[in-house]
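Quick notes on the structure that follows.
The values are calculated or read from the model by the stated rules, or taken from the named source; none is laboratory data. Because the structure is predicted, anything quoted here is derived from the model rather than measured. Cβ placement follows ideal geometry from the backbone for every residue including glycine, while neighbour counts extend to all protein chains displayed.
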2 protein chains.
Amino acid sequence: MTDTKEIISKLTDKGLKITPQRIAVYEALVEFYHPTADDIYKKVLEKIPGLSYTTVYNILDTLVTNKLITRVKTDADVMRYDAITEHHHHLYCASSDRMEDYYDPELDQLLKEHFKRKQPCGFTITDIRLQLMGDFTKE
Amino acid sequence: MTDTKEIISKLTDKGLKITPQRIAVYEALVEFYHPTADDIYKKVLEKIPGLSYTTVYNILDTLVTNKLITRVKTDADVMRYDAITEHHHHLYCASSDRMEDYYDPELDQLLKEHFKRKQPCGFTITDIRLQLMGDFTKE
DNA sequence: TGTTTGAATGTAATAATTACAATTTAGTAA
DNA sequence: TTACTAAATTGTAATTATTACATTCAAACA
């Protein structure tokens with residue numbers, strides 16, 4: 001349901017200029033699951049020939065800074081990006097390097113209550129991210 | 001309490017040869033908190049002149065493969081290593097790029113119970129890692 | 001339509017990590 | 001102790017991901 005119009009309004013809401021590059025990068029972010037910068041570059045290049053790698057990184061930086069996307073990292077080696085900014089966790093399988101989103105409001109509630117009772121001393125929590133390591137049992 | 005003897009026995013238990021490089025790298029891992037490969041290289045170089053960067057990476061790989069240490073990643077950009085293999089979580093402050101261990105058996109119990117009741121479908125969990133994002137309020 | 005400011009581009013640099021061939025060393029057994 | 005073998009270390013060079021920066025271009029708005 002994230003169409004071009006929605007993307008444009010997200011960008012303008014943040015006072016960002018609308019460019020074909022930005023729209024295409026954002027579309028790629030929505031289409032892929034946890035893409036790397038390289039995934040995005042390759043995809044957007046189809047639509048925008050002459051696209052520069054630097055542009056992709058610039059746009060990703062801008063989107064992260066404006067909290068439209070988030071950076072995600074796993075034990076694998078490259079940075080990944082996530083267009084879904086609503087709170088969620090990640091399932092990650094090291095052997096296949098595959099990563100999926102995991103939503104669990106019940107768990108979030110549980111964590112919230114736990115950390116209300118018991119705060120790590122000297123640390124203010126702003127976000128809790130779970131990484132569930134394991135294996136995908138079926139495709 | 002992790003002295004040289006202990007390190008040696010950990011290595012031999014896994015059938016690994018004892019070398020000065022391995023011992024020194026392991027010692028650095030214990031001494032530092034979540035060091036990068038570079039941190040370790042610089043430290044070990046003091047003890048072992050002529051040390052190669054490749055050796056550090058080789059040793060780290062070997063230790064990870066043998067589950068004597070773990071890889072840790074954050075939103076920041078470099079791989080970090082952790083000599084503490086017993087289960088724990090991480091507090092991470094993005095602005096200072098500082099990271100600390102966090103132990104909370106009560107939380108672990110909570111999570112264990114939660115995921116016993118409710119398993120993410122098509123995924124077998126082998127490890128749960130929490131990354132608590134936020135700010136260190138005091139030094 | 002013109003102007004301004006922010007965005008995209010290209011090139012080149014840097015930083016982290018890996019590949020690989022050659023040399024050296026730890027562990028073992030004669 | 002010596003010799004052997006497999007494993008570990010080293011050095012060099014390549015690769016990959018990312019960033020810096022100067023120049024060119026284009027979106028937004030008067």
Is it true that A:Tyr57 is assigned to a helix (DSSP H, G or I), within 27 Å of A:Gln131 (Cβ to Cβ) and in contact (Cβ under 8 Å) with a residue 24 or more places away in the chain?
-> no
Using the structure shown, decide if A:Lys43 is more than 9 Å from DNA strand C (Cβ to nearest atom), within 14 Å of chain B (Cβ to nearest Cβ) and closer than 24 Å to A:Lys5 by Cβ.
-> no
Filtering segment B:14-30 down to residues that are surrounded by fewer than 18 Cβ atoms within 10 Å (Cβ to Cβ), within 14 Å of DNA strand D (Cβ to nearest atom) and not in a loop (DSSP other than H, G, I, E, B), which residue is farthest from the other protein chains (Cβ to nearest Cβ)?
-> B:Pro20
What is the residue count in segment A:26-54 for residues that are at negative phi, in contact (Cβ under 8 Å) with a residue 12 or more places away in the chain and within 14 Å of the chain's Cα centre (by Cα)?
-> 11
So A:Ile125 clears everything in (1) part of a helix (DSSP H, G or I); (2) at pLDDT 85 or above except one condition, right? Which one?
-> (1)
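Test of understanding: among A:Val64, A:Val72, A:Val56, A:Val78, which residue is within 11 Å of another protein chain (Cβ to nearest Cβ), within 12 Å of DNA strand D (Cβ to nearest atom) and modelled with pLDDT of 80 or more? Outline the logic, then answer.
Working: A:Val72 fails: modelled with pLDDT of 80 or more; A:Val56 fails: within 11 Å of another protein chain (Cβ to nearest Cβ); A:Val78 fails: modelled with pLDDT of 80 or more.
Just a single option satisfies the conditions, and that option is A:Val64.
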Go through the residues of segment B:31-39 one by one and say whether even a single one is within 10 Å of DNA strand C (Cβ to nearest atom) and either exposed (fewer than 15 other Cβ atoms within 10 Å of the Cβ) or modelled with pLDDT under 85 (or both).
-> yes
Which numbered condition B:Ala94 fails, given (1) more than 7 Å from chain A (Cβ to nearest Cβ); (2) surrounded by 15 or more Cβ atoms within 10 Å (Cβ to Cβ); (3) at pLDDT 85 or above = (3)
Scan segment A:99-139 for residues that are within 13 Å of B:Leu132 (Cβ to Cβ), more than 9 Å from every other protein chain (Cβ to nearest Cβ) and among the basic types (Lys, Arg) and jot them down.
-> A:Lys112
